[in-house]
Amino acid sequence: MIALIVPCYNEEKRLHMEAFTAARNLGIDFFFVDDGSKDKTAEMVAQAAQKHPFIHLVRLEKNNGKAEAVRRGMVEVQKKTHIDENSWIGFWDADLATPLTEIPKMLEYAKLYAKVDSIWCSRVYRLGADVKRSALRHYLGRGFATLVGELLHIKSYDSQCGAKLFKPATIQNAFGEKFIGKWVFDVEILLRLKNFEVIEYPVTEWHDVPGSKVKIHREIFRVFWEILKIRKKYIKN
């Protein structure tokens, strides 16, 4: 089976439930984690859950940030579903900037490797791919990847794409403990999974969706401070 955590905070205007319900043929259970939204996000999901057994709502009492919403979602999935070693558990951005149709392609791509514990989507500009990303976000992303490469020794082209799948054996290592940062937590997952096989899948389609809650160019100093705290905890030399 495939179970996807979808963290949501005030996503009423960007959450298109019909796109998720239309993906029923992909065999996915969706766990929408409402992170203390003040709009009608939770109500939208609850209405869909009444009609579709593969839609689930997890409500958090207050806004904790994406990192904790994803982590709590991972815990709930293990409680509510039958997970075996062949299952995949992941998280996916609510705006569907990465289409759900990428999932079968991710799983096919993983077959090129002898062993895969986690698959991370990566927004690589290349011939044949439909990747539409603003120039600002692209260059900030390249700068971020360079920074974490130097400070955290991470060799990821694009750790921040919000579409990832994990084997059940990785969940406790990756999500058992709270994250240092509220948003820049993906690199922390990579550091926690240093003994697992993590691959990057170059997406065939990705479209920038307006309305993101993360404004990296406005919060660059907070992001840098979080990276330093992560380095202090995980990098010993």
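Brief remarks on what is shown
- Compactness ratio for the chain: Cα radius of gyration over 2.2 N^0.38 Å (N = residue count) comes to 0.97.
- Shape summary of segment 62-189, radius of gyration then Dmax from alpha carbon positions: 15.2, 43 Å.
- Close amide H contacts of Trp206 (hydrogens built in the peptide plane, cut-off under 5 Å, sequence separation of 5 or more or a different chain): Asp130, Val131, Lys132.
- Restriction of the GluC sites (Glu not before Pro) in segment 137-205 to DSSP coil positions whose beta-carbon has at most 11 other beta-carbons within 10 angstrom yields Glu177.
Taken together, the values in this text are just the output of simple stated rules run on the coordinates, not laboratory data. Just so it is clear, the structure is predicted and the values come from calculations on it, not from any experiment. Using ideal geometry, Cβ is built from the backbone for each residue, glycine included, and neighbour counts are taken over all protein chains shown.
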